[in-house]
1. Among B:Y305, B:I355, B:L322, pick out the residue whose Cα is farthest towards the positive end of the charge dipole of the stretch B:260-370, where Lys and Arg carry +1 and Asp and Glu carry -1 on C-beta, about the Cα centre.
2. What is the spin-label model distance, in nm, from A:D52 to B:Y356 if the labels are put 7 Å beyond Cα along the C-beta direction?
3. State, in square angstrom and to the nearest 100, the accessible area buried between chains B and A, both chains counted, probe radius 1.4 Å.
4. Return the Cα extents of the stretch B:51-125 along principal axes one, two and three, sorted largest first, each rounded to a whole Å.
5. Roll a 1.4 angstrom probe over the protein heavy atoms and tell me the percent of accessible area of chain A that is carbon or sulfur.
6. Relative to the isolated chain, which residues of the stretch B:377-392 have their accessible area cut by 50 Å² or more in the presence of all protein chains (1.4 Å probe, heavy atoms, no ligands or nucleic acids)?
7. Where the convex hull is taken over the Cα atoms of the stretch B:111-264, what is its projected area averaged over directions, in nm²?
8. For chain B, what is the mean residue ellipticity at 222 nm derived from helices alone (per DSSP H run of n ≥ 4: -39500 (n - 2.57); sum divided by total residues; nearest 500 deg cm²/dmol)?
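The values are calculated or read from the model by the stated rules, or taken from the named source; none is laboratory data. The structure presented is a predicted model; accordingly, all values stated were derived computationally and were not measured. Here the Cβ positions follow ideal geometry from the backbone for every residue, glycine too, while neighbour counts run over all protein chains shown. The accessibility values were calculated without ligands, DNA or RNA, using every heavy atom of the protein model including side chains. Shrake-Rupley method; radii C 1.70, N 1.55, O 1.52, S 1.80 Å.
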Amino acid sequence: MLEIKNLHANIEGTPIIKGLNLTVPDGEIHAIMGPNGAGKSTLAQIIAGHSDYEVTEGEVILDGVSLLGTEPEDRAAAGLFLGFQYPVEIPGVTNFSFLKTALNSQRKQQGQDEIDSVDFFTDLKKNMAILEMDPSFRGRFVNVGFSGGEKKRNEILQLLTLMPKMAILDETDSGLDIDALRVVSKGVNSMRSPDRSCLVITHYQRLLDYIVPDVVHVLVDGKIVQSGDKTLASKLEKSGYTELQA
Amino acid sequence: MTTNNEIISNYKRGHLLYGQGPNNELPWKKALRVAGLESFVESGYPSHKDEAWRYSNPKRITSTSWSHSDAESSVTETEIVQHRLEGAVTELVFIDGNFCDDLSRGASIAGITIEPISKNSEVPSDIVPSSGGFASLNDAFFQNGVVINVLENHEIDGIIHLMFVSTDSDSETASHIKNFVTLGEGAAATVVESYVGCNNSFCNTKSHLTLAKGAALEHHILELGSKESHWVGETICNQDRDSAYDSHTFWLGEGWARNNLVVKMNGVEGFCNLSGLYLTDNRQHVDNHTEIDHVAPHCTSRELYKGVVSGKSRVVFNGRVLVRREAQRTDSDQANHNILLTRDAEIDTKPELEIYADDVKCAHGTTIGQLDAQALHYLRVRGIPKAMALEMLTTAFVMEQLDGVEHESLKARYSALISERLTELGKSL
């Protein structure tokens, strides 16, 4: 369960998050929608531990453990995952070695043995099949020369490899065509379980037709201003955010 | 202030072999020593006031009164076994500049002669003495080294490994090493010079490489000096037509090092590739001065030096490419790429292109950057600890320097040394 209590955060002195409260219980999918500049991506980065943001007040708690002040790698090992809006290219590091190193680093931190190589490879093949990714992507450098859609599929491949307790997906739908959206959603839905939860950040209702949320929140000017069931998303699609910003 | 003659007297005093040498030495050795002495008396040591030494002050070497070791070495197999090279067909070991027969190994190979200079081998008759500085000191005082001759149309499959080790002693010990590698027409070989320097040692080495028509040499320098070691080297490669010189230098030690690499492309359709990698830390200093002299037309040269510079270390790269008037249709490409890990690290890099021919293709490029902070963050968000993420990114940056290394065993050795060194660099951040 992810709990965010009265979170305040700045970037270079400018307040972006202004008293945000949010709880995502185990097994649920929540969506955050909101206008440009509301602080959606900032919230995602803060939870994952980006050093550019300064948290001035509040708490972020994952399964009873406070995340603020810990390193990004510790948060990952605690079961947190962030799907990047703009996945980073890493020349010289293959996808295969990246995924295996990430998984084993987390396992080590959790006191587990390294994964068996055969098991790892079997899982990888299975997950790539779910995401309809060509096997050649295993040996390619991380995100280098990938199209926008391929980068997003690769994010979901990491999600399926690492199987986090709490996944935050930051605008995973941006830049995806309908087919890619369907595939990416299939990947996310394949990891749903009673002890995993997910926070989906999006501009559009479209994604939420595929990944159906239990709760939809509206983030405006650094705060959650409204929460409701999945029908809220379609209402927003019609009415826009203007009313809520007033 | 010590005069040049006093420096020489001091070297002569410390150098027993030199005292006995001149009378019973071969004429080429005598001539080279005399020429070396004359040039050094004229030039003396270089200092940072010389343009070529502007960023590399050799004061730590020039202010020391070095002694020599002519003693039989007491070094045992266990002390050097870690420096042996798997896949070497011949391994010649020198301790403090002196040949060590007991530790050397290798059966005779068809088509090649390889022996220490002390065996009085003949060398190419057109060796040109150096024109001053450390190289002249080497001409004057070389103790030993290796003479390799590969006969025409002979291809040597394995690695020829020349290992130069300096040992800890109470006094500050210098060794002067001279190597000759001569490949006949159509001959091919791989030669690795590795240098293991200890504290308070100074190694001054010079290698004369000669490639006849159609010959191919893969030449490596692996430098592994400790913190208080000093290394100065010069390699001069003369290439005849259709020959290929493939140079790989790896600066994976911790000490002070300066290398001059000069390639003369004297015949048409020659090819040379110069590759260099340095990983520096603390107060280390590594200076690479390279010079590619396009004398003949239709030659191709490629050069890529790369490195990760950390701590308060300083790296110098000076890449001169000279394209003479006759060298039409020259195709030359040079690049130097650096990552600075700390604020106090420094890199002075300078391409130096001098082009007198008009129908040529010459490119050069230099980059100095930091590690990609976004990439580092991305790896950490996936659960990879900072130190490991750093090592992954620096490794990814440098590993292309292994692409051109033909022998797998050599590649594996470098790979292990690089990863060890990068772990060290990451620790101190």
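1. B:Y305
2. 5.3
3. For chain B against chain A, roughly 1800 Å² becomes buried.
4. Largest first, the stretch B:51-125 extends 46, 38, 26 Å along its Cα principal axes.
5. Of the solvent-accessible surface of chain A, carbon and sulfur hold 49 percent.
6. The answer is B:H377, B:Y378, B:R380, B:V381, B:R382, B:G383, B:M392 - residues whose exposure falls by at least 50 Å² when every protein chain is included.
7. The Cα convex hull of the stretch B:111-264, projected and averaged over all directions, gives 8.7 nm².
8. Computed ellipticity for chain B at 222 nm equals -6500 deg cm²/dmol.
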